[in-house]
Amino acid sequence: LARADRKTRHLAAARFFESLGSDELAGALAGHYLAAHANSPAGPEADALAGQARIALRAAAERPAALGPHDQALTYFAGALPVTDDPGARAELLERAGEEASAAGHHDAAERHLAAAVAAQRDVGDRPGISRATAALGRALIFAYRTSEALALVEPAAAEFADLATEPAVIALGGQLARAHLLTEDHRRAIEVAERVLEAAEHADLGAIVADTLVTKGTALAFLGRATEGRGALRAGQELAEALGLGATLVRAYINRTSIEASRDPRAALEVARAGLPIARRLGQRTTAAALLANGAEDALRTGDWPWALAELEAALADELEASDRIGMLAALSSLRALRGEPVAALLDDIAPLVGASSDPTMLSAQSIATGFAAFASGRLADARTAWHGVARMSAEYLPLTLARAARAALWLGDAAAARDDLAALDESGVHGPAIEADRTTIRAGLAALERRPADALAPYRDVLRAWRDLGLAWDEALVGIDMATLLDPAEPEVRAAAESAREILVRLGAAPFVARLDAAMLPRSAAHPVGQSTSGDLAPV
């Protein structure tokens, strides 16, 4: 057909689809208007067709943007750019395309579109538009775990537009500044900024910003040891997100709740992750789904739900994901496999280049946690302590977990002073909760055993075994059995009972290195290694 005939037929098809009035045909309608425009000579008619194509493409993009196929929404928003000449309209399209790219987990594309949106708004001279696009770019950089870059972007922008403090776009920029401070571990500053944002957002009735900033503030409070207050703020943010239908904020609330509950009550944290995961997947949010799964797998390590975690991680990692979204899941998979005695050197080698030169605490922590578990499983207890102490220094989220793990490694090494230091640092953090209290009791019992006070050790060991069972944390219960066999007399009936129970758990989990360590610890002690004296890492060759 000649171009004129093709144009005529595409227009006829477009008008037919319009007459049906179905939102589901918006994509087909847009495609026909684009094709009609492409087959039209330059002039008023082509300009009119370009306008119709823009309208159709935007309408086609809104449906998947709301329902979750963000790749499709990105395609439509980006497809409207070639038929958009107006600078302000182009800036808005670039911003929407960048937001959809970020939601779909295409971090490089998101940065490219949003940086272009910021530049386009500056060319137009739209200061609220610059603020809005900058906030969107900051949010996208945070999603890509480039938190230092996000902070370096939004902090000067917030100062630049401080004179527009009541503008919704500038309030939104403040929300991303608070979030950037949170994720760079400056929790007090995050709370300070969040307070200003919440006041301004409440006065302006900006519910979406209120919900998101409550999640930020609640998380920061919890990481400062104000868990009750923090959890309340976070739940308020989640409830508001649910009421307003804010899918992205709702999923973010689930992620942050898993982070807060992980050290307090891992079983509850796993339930939160399992509740949020299908929502993130339904909304097409690859990055948040990956974060929820990584967090949930870490909790499943302690609850003993290893088959679920391994299956979910392996399935998710088979998908096409950007590097930053793979790191947490690879680290969780490496940790679980290491504890089962499987080779993990290749997995750790895969993680290293993905982390690269990142300064993001989440990425660096994930890598070091996995490195610590690999060392712990292979009996390199000093190396495990080094890795976990590195995590405790950089991340308030992981500090209680990693200090407790480091203290156990110290006990197995027979280093009471190091274990006591870890316990003191854990106490100083001011973080509390059922699992943390059980961790403290476990360490104190181990110290009593190392100090040759078996009667003083047995009573807290009894209490903590009951606590771990009540909390549903099979892995922790099994490790206490190894503690008792290592640090007390294996001939003692209570030690034997704990060891037998621990062995059943370890065999069920397939934790071969720890079965070997337990069996070795239960052997009769020689004069060279009396009860209560460390046998270092030699008990568990792998």
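Key figures for this structure:
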read-out: Rough spin-label spacing in nm, given labels placed 7 Å along Cα→Cβ, for Thr166 and Leu317; value: 5.4
read-out: Solvent-accessible surface ranking, highest first, for Phe16, Phe143, Phe376 at 1.4 angstrom; value: Phe16, Phe143, Phe376
read-out: Portion, in percent, of the accessible area of the range 71-205 that falls on carbon or sulfur, probe 1.4 Å; value: 51
read-out: Options Ala158, Ala133, Ala178, ranked by Cα towards positive dipole end of the range 82-201, top entry (Cβ charges); value: Ala178
read-out: Magnitude of the charge dipole, the chain, Cβ model with Lys/Arg +1 and Asp/Glu -1, debye to 20; value: 620
read-out: Cα gyration tensor, the range 417-496 - rounded (a/c under 1.5), prolate or oblate; value: oblate
read-out: Cβ-derived FRET efficiency at R0 41 Å, Glu342 paired with Glu62, nearest 0.05; value: 0.30
read-out: Span from the the range 99-171 Cα centroid across to the the range 398-475 one, whole angstrom; value: 45
read-out: With DNA, RNA and ligands ignored, accessible area of Leu473 (1.4 Å probe; Å², nearest 10); value: 0
read-out: Qualifying GluC sites (Glu not before Pro) for the range 368-465 [loop in DSSP, other Cβ within 10 Å: at most 14]; value: Glu451
read-out: Virtual paramagnetic centre 7 Å along Cα→Cβ of Arg282, amide N under 17 Å, in the range 67-102; value: 67-70
read-out: Note, ³J(HN,Hα) from phi for the range 266-273, Karplus 6.51, -1.76, 1.60, rounded to Hz, x at Gly and Pro; value: x, 4, 5, 4, 5, 5, 5, 4
read-out: Accessible surface of Ile327 - all protein chains present, 1.4 Å probe, nearest 10 Å²; value: 0
read-out: Cβ-based charge dipole, the chain, positive-most Cα from Ala190, Trp412, Thr402; value: Trp412
read-out: By accessible area with a 1.4 Å probe, ligands and nucleic acids excluded, highest first: order of Arg96, Arg179; value: Arg96, Arg179
read-out: Where the range 199-289 is the region considered: accessible area per residue in Å², 1.4 Å probe; value: 38
read-out: Candidate residues Ser429, Ser395, Ser148: accessible-area rank, largest first, probe 1.4 Å; value: Ser148, Ser429, Ser395
read-out: Within the range 221-352: Cβ-based charge dipole about Cα centre, in debye rounded to nearest 20 (Lys, Arg +1; Asp, Glu -1); value: 420
read-out: At R0 = 35 Å, FRET efficiency that the Cβ-Cβ distance of Arg420 and Ala497 yields, to 0.05; value: 0.80
read-out: Accessible solvent surface per residue of the range 66-144, calculated while the other protein chains remain in place, 1.4 angstrom probe, Å²; value: 37
read-out: Correct choice for Cα extents along the principal axes in Å that was computed from the model, options [x] 98, 53, 38; [y] 74, 64, 50; [z] 75, 59, 46; value: [x]
read-out: Charge dipole (the chain, unit charges on Cβ, about Cα centre) - positive-most of Leu336, Leu471, Ala227; value: Leu336
read-out: Estimated FRET transfer efficiency (Glu195, Asp456; beta-carbon r; R0 51 Å; 0.05); value: 0.65
read-out: Within the accessible area of the range 397-528 (1.4 Å probe), percent carbon and sulfur; value: 55
read-out: Per residue accessible area of the range 372-455, 1.4 Å probe, in Å²; value: 34
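The values are calculated or read from the model by the stated rules, or taken from the named source; none is laboratory data. For clarity, every value in this text was computed on a predicted model and none was experimentally measured. Don't worry about glycine lacking a Cβ; one is built from the backbone with ideal geometry, like all the others, and counts go over all protein chains shown. Accessible surface areas use protein heavy atoms only, side chains included; no ligands, DNA or RNA. Shrake-Rupley method; radii C 1.70, N 1.55, O 1.52, S 1.80 Å.
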